[in-house]
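Asks: Can you keep this structure in mind? I'll have questions shortly.
The values are calculated or read from the model by the stated rules, or taken from the named source; none is laboratory data. From a predicted model like this one, the values you see are computed outputs, not experimental measurements. Backbone-built Cβ (ideal geometry, glycine too); neighbour counts: all protein chains shown. For accessibility, only protein heavy atoms count, side chains too; no ligands or nucleic acids. Shrake-Rupley method; radii C 1.70, N 1.55, O 1.52, S 1.80 Å.
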Amino acid sequence: MTFAHKYLLLLWLLLPLFAWLKGRRGSPPAFLYSSVKLVAGLAQARRSHAGSFLAALRWLALAIFIFALAQPRFSKSTTEVKASGIDIAVALDLSGSMSSQDYVVGDQRVSRFNMAKSVLEKFVSERPNDRIGLVVFAAQAYIASPMTLDHDYLLQNIDRMEIGTINSDATAIGDGLTTALNRLRDLKSKSRIVVLMTDGGNNSGKIDPITATEAAQTLGVKIYTIGLGNRDYVQQMGMPAGFLPDEDTLQKIAQMTGGVYYRADSSEKLNSIYDQIDKLEKSEAVINKYTQYKELFPWVILSGLVVLLVEILLGQTVFRRLP
């Protein structure tokens, strides 16, 4: 419940003062006597119990009328949030090398894929007004989630992704980029970007990454590229060079489209990368707020009138019966 004029409720504070002043003034005796000694007791008790009750009803009615003047009402607010105008397609590598446990969180080793999922979920949660979609790729590319403002649905799809969900024997970066661009191609928005996360070089697919990048240039889509994997860990474990990202290609993709290439060789860096992208791609969402009111004024006035009517009727009947 809210009040249109809640400051009027301060008038309640005056009611005890008025009641006290009225009680001190009292009312004069109704009859004259030759000696005040005969009615000394009556002069002390100027009001009967019935009179006190009726006075209380009148004060209650006045308090209710003050409450009505404050205009009590129930309110129901509706907030309409429009999209920020930024559409983001995430292309996530799902190849077998993403299971490498390069990253350390606390005392636990975490795979590249689980680390990428974790920071992506955080990024999605912090951009509620952006339309975001998810493409995963390995030997082929697939749409894991269409472009959507329903981020609960998107997060569910991110959470269920695992290595092996699709053929993980190769890395088709060009196909992944092209599939992500197709999600953005027909959208009319202020800013369209692709976030590409991969830990290797393109060794599969029908489309070369640079060809896909040229298409992004034509469409005016900016690509942020993130290279996953720790070089020291790869060398220590004796892994082949293919377990590290093709940095030259990733840098070129970002440069050609006005994006940025980031090297994420630690969990801290990967988290900070998404923070940087979050700051670079910011836009204010349009928020419209509507409030509907259900006025209680008529009902409060009616209740006050009922109390006042009861006080009048009781006054007429009770005092007629008093000796």
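Asks: Provide the FRET efficiency to the nearest 0.05 for the Val310-His5 pair, computing r from the beta carbons and using R0 = 30 Å. Walk me through the numbers before you get to the answer.
Replies: Working: r = 27 Å, r/R0 = 0.90.
About 0.65, to the nearest 0.05.
Asks: Let me ask another. Rank by packing, highest mean first: peptides 143-151, 125-133, with packing defined as the count of other Cβ atoms within 10 Å averaged across residues.
Replies: Details: 143-151: 17.2, 125-133: 19.0.
Listed from highest to lowest mean packing, they are 125-133, 143-151.
Asks: Provide the gained length on full extension for the span Gln101 to Lys269, in nm with one decimal, where the gain is 0.36 nm per separating residue minus the Cα-Cα distance. Provide the component values of the computation, followed by the final result.
Replies: Working: separation 168, 0.36 × 168 = 60.48 nm, distance 1.55 nm.
Here the answer is 58.9 nm.
Asks: Just to make sure I understand: if all protein chains stay in place, what is the order of Asp199, Asp232 by accessible area at 1.4 Å, largest first?
Replies: On the way: Asp199 0, Asp232 110 Å².
Greatest to least solvent exposure: Asp232, Asp199.
Asks: Please compute the contact order of segment 138-214 in relative form: average sequence separation of alpha-carbon pairs under 8 Å and at least six residues apart, divided by the residue count, as a percent.
Replies: Normalised by residue count, the contact order of segment 138-214 is 40 percent.
Asks: In nanometres, what is the gap between the two model label sites at Thr317 and Ala63, each 7 Å from Cα along Cα-to-Cβ?
Replies: With each label point 7 Å from Cα toward Cβ, the separation is 2.4 nm.
Asks: Assuming R0 = 25 Å, what is the FRET efficiency of Ser75 and Ser125, from their Cβ-Cβ distance, to the nearest 0.05? If you can, show how the numbers build up before the last one.
Replies: Values: r = 29 Å, r/R0 = 1.17.
Calculated transfer efficiency: 0.30.
Asks: Arrange the residues Thr213, Thr257 by how much accessible surface each exposes, largest first, with a 1.4 angstrom probe. Don't jump to the answer; show the numbers that get you there.
Replies: Values: Thr213 0, Thr257 25 Å².
From most accessible down to least: Thr257, Thr213.
Asks: Moving to a separate point now. Any chance you could look up the accessible area of Leu57 with a 1.4 Å probe, heavy atoms only, rounded to 10 Å²?
Replies: Probe radius 1.4 Å; accessible area of Leu57 about 30 Å².
Asks: So how much accessible area does Met237 have, in Å² to the nearest 10, using a 1.4 Å probe?
Replies: The accessible area comes out at roughly 110 Å².
Asks: If you restrict to DSSP beta bridges whose two residues both lie in segment 55-163, what percentage is antiparallel, to the nearest 5?
Replies: Working: 8 of 15 bridges.
Among the beta bridges of segment 55-163, antiparallel pairing accounts for roughly 55 percent.
Asks: May I ask for the distance between the Cα centers of segment 99-153 and segment 175-192, given as a whole number of Å?
Replies: Taking the Cα centre of segment 175-192 as reference, the centre of segment 99-153 is 18 Å away.
Asks: Continuing with this model, one more query. Kindly sort Met239, Met115 by accessible area of their heavy atoms, largest first, with the probe set to 1.4 Å. Before the final figure, lay out each step's value.
Replies: Working: Met239 50, Met115 10 Å².
Order by accessible area, largest first: Met239, Met115.
Asks: Count the net charge of all other residues whose Cβ sits under 15 Å from the Cβ of Asp169, scoring Lys and Arg as +1 and Asp and Glu as -1.
Replies: Values: positive: none; negative: Asp93, Asp175, Asp199.
My count for the surroundings of Asp169 gives -3.
Asks: So for the pair Leu219, Tyr153, with labels modelled 7 Å out along Cα→Cβ, what separation do we get in nm?
Replies: 2.0 nm
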